[in-house]
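Encoded as structure tokens, the structure appears first; notes follow it.
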Amino acid sequence: MVSTLTRQGLHLDATDLARVRRTALSASTAKALTHNCAAGYAFGKLLGEQAPDPFAATTQGTAVHSVLEELYKLPAGKRTRRRAANILLSMVAQWRHGDFPQLSDPVTRQLFIADVIGKYQGIFDIEDPREVDVVATEWPLRGIELGGVPFIGFVDLTQRVIARGRTGLRPVDHKTSNKIPDKRKLELYGDDHGDQIRLYAAGLRKVQDEPVIEGRVNYTRHGKSRIIAVSEKRVAQTVGEFARAWDTHNEMVQAAMFPTQTGPLCGWCPLVNLCPAAQASKFNTDRTESQTALCSTDLIEIEPLAPSHEGQVSPTAVMSPGEPGETTETSMEELIMAEHALAEDKPWEEVVRGKLNGASYAATGYFGISSLAYELLGTHGVPIQRIAVDAMTNVLASIVTDVQEGLSGSTSFQEGTNTRIRGVLRTVLVSVPPPFGEDAETWATWIKMTTGHTRSIAAAAVRLAGTDEVTADIDTLASIAPMRKEA
């Protein structure tokens, strides 16, 4: 058997499975397996280290952590901006003759140095490193179990602090993320960064007696910091989720298959140009930039994509409602190809164990859009065939996400903005019905017009939200008259 990537997931042979299987779980691996694409995670383990790119996010993140680790190892009085810069320059001098020969070029070297400084300098806005009581840097947590699961982790920085009248430890993690998660997204999607700190807190409580009284995540690019609650209750909840991730890992190992999950991060996956799931989704745009996506690989086989319907005549143009066709009733057998296609969990969890959470906000959106497509087909006398339902569902979803992206920068069905726009679209469809039976050019015009109307209504709502005082503009209303109908 050869490991094969299909639309459903990465199917591993015995040799590759042994390389991917974990003997201990870290916080990041647990999240990758339960919240992200498990197939992408597994392939990353098979791919291993590639040609080093000094401007890759992982490389620069590692550089930032190295600088801060060395900075906090110094005696308190020497932890200055100038010393941090000197640490970086010393490291670059070594890297240019070793791991990153690209840094031998003076322009590349200066750009790299500027980028890394920009990603760590915010630490001096968060705190004065000279005043920090450092207990340890890169504290290794291994050889322990959390919730019965072998755990491994390294705490970037452990401080001794006084908080709320108590003295104890504070595990700190440094993040170089482009964005700081806001409160609403934390409530919707969970707190990955906070959960990592809570696992560190649980681990520290296992290996030493000093109390862990709080945690902190430092967003060093932005000079912002977030205190993380590490109460016994909160930590126990996180450890419980961690244990479930271990169960998920073991289930994937037993099945020798790591499921695919499409989403906005697909574009940055090296498999984006090969993955059947990504290519069949709206997230198939290669955004890897300097970290080029793979176009071929000798590590795994790729299942060929299903034949495209592009260029075929629409069935609605050649079949009448009375003629037989592939109905949704008969094609339901194919929908059950993977037994139990959905999972159940809290509504803010879109995916559970690689499956769509049927209780999620996103599932409400997916089911709502497909139901609306079915309703439109029936209302306009179009045969209810799977290909027609899918085509109409995708058109409606593309209109919603197009408008949504312009408003919030996101296309996720999990977000509240998506819900609002779906409601607007349903209103628009009453006045602008789909042109069933017309040619492709008419459909393109309809999509553009429907998107424009939906966007206009959404813009009116946004303008209303920005109005300080709502008043009735009677003069304007008096000047508006209905369009006259032609005789």
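Brief remarks follow.
- One residue from 203, 168, 147, 223 being in contact with a helix residue (DSSP H, G or I) (Cβ under 6 Å, 6 or more places away or on another chain) and open to solvent by less than 20 Å² (accessible area, probe 1.4 Å): 223
- Boolean, residue 117 is open to solvent by less than 20 Å² (accessible area, probe 1.4 Å), over 24 Å from the mean Cα position of the chain (by Cα) and closer than 23 Å to residue 226 by Cβ: no
- Long-range neighbours under 6 Å by Cβ, at least six apart or interchain, first residue closer than 15 Å to residue 119 by Cβ within the range 82-94, second modelled with pLDDT under 95: 92/103
- In the range 140-168, the residues that are in contact with a Gly (Cβ under 9 Å, 6 or more places away or on another chain) and not basic (Lys, Arg): 140, 141, 144, 146, 147, 150, 151, 152, 153, 155, 161, 162
- Each residue in the range 15-43 was checked for being open to solvent by 20 Å² or more (accessible area, probe 1.4 Å) and without any contact (Cβ under 8 Å) to a residue 24 or more places away in the chain, and 2 pass.
Table: residues versus (1) closer than 30 Å to residue 203 by Cβ; (2) within 20 Å of the chain's Cα centre (by Cα).
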{"position": "222", "(1), (2)": "yes, no"}
{"position": "230", "(1), (2)": "yes, no"}
{"position": "235", "(1), (2)": "yes, no"}
{"position": "239", "(1), (2)": "yes, no"}
{"position": "246", "(1), (2)": "yes, no"}
{"position": "252", "(1), (2)": "yes, no"}
{"position": "258", "(1), (2)": "yes, yes"}
{"position": "274", "(1), (2)": "no, yes"}
{"position": "286", "(1), (2)": "no, yes"}
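- Within the range 153-179, being among the aliphatic types (A, V, I, L, M) and either in contact with a Pro (Cβ under 8 Å, 6 or more places away or on another chain) or within 18 Å of residue 223 (Cβ to Cβ) (or both) holds for 155, 157, 169, 172.
- Residue 485 vs. criteria at pLDDT 90 or above and open to solvent by 60 Å² or more (accessible area, probe 1.4 Å): no
- Test: residue 137 is surrounded by 15 or more Cβ atoms within 10 Å (Cβ to Cβ), among the polar types (S, T, N, Q) and modelled with pLDDT under 95: no
- For the range 269-290, a residue qualifies if it is of a type in the set (A, V, I, L, M), open to solvent by less than 40 Å² (accessible area, probe 1.4 Å) and under 13 Å from residue 303 (Cβ atoms), and the qualifying residues are 271, 274, 277, 278.
- Test: residue 61 is among the small types (Gly, Ala, Ser), surrounded by 16 or more Cβ atoms within 10 Å (Cβ to Cβ) and assigned to a helix (DSSP H, G or I): yes
- Test: residue in the range 310-332 that is under 30 Å from residue 415 (Cβ atoms) and modelled with pLDDT of 50 or more: no
- For the range 227-266, a residue qualifies if it is crowded, with 16+ Cβ neighbours inside 10 Å and under 26 Å from residue 397 (Cα atoms), and the qualifying residues are 259, 260, 261, 262, 263, 266.
- Residue in the range 155-172 that is assigned to a strand (DSSP E or B), free of Cβ contacts under 8 Å to residues at least 24 places away in the same chain and under 30 Å from residue 244 (Cα atoms) present: no
- Unmet requirement for residue 460, which otherwise passes all of (1) assigned to a helix (DSSP H, G or I); (2) over 31 Å from the mean Cα position of the chain (by Cα): (2)
- Filter pass, residue 94 being over 25 Å from residue 157 (Cβ atoms), among the polar types (S, T, N, Q), part of a helix (DSSP H, G or I) and open to solvent by 50 Å² or more (accessible area, probe 1.4 Å): no
- Selection count where residues are open to solvent by 60 Å² or more (accessible area, probe 1.4 Å) and either farther than 19 Å from residue 32 by Cβ or modelled with pLDDT under 75 (or both), scope the range 347-357: 2
- For the range 371-414, the tally of residues that are more than 17 Å from residue 452 (Cα to Cα), part of a helix (DSSP H, G or I) and among the hydrophobic types (A, V, I, L, M, F, W, C) stands at 9.
- Consider the range 1-49 and keep the residues that are outside any helix (DSSP H, G or I) and within 14 Å of the chain's Cα centre (by Cα). The one that is farthest from residue 261 (Cα to Cα) is 35.
The values are calculated or read from the model by the stated rules, or taken from the named source; none is laboratory data. The structure displayed is predicted, hence computed values, not measured ones. Cβ: placed from backbone, ideal geometry, glycine included. Neighbour counts: every protein chain shown. Just the protein is used for accessible areas: all its heavy atoms, side chains included, with ligands, DNA and RNA removed. Shrake-Rupley method; radii C 1.70, N 1.55, O 1.52, S 1.80 Å.
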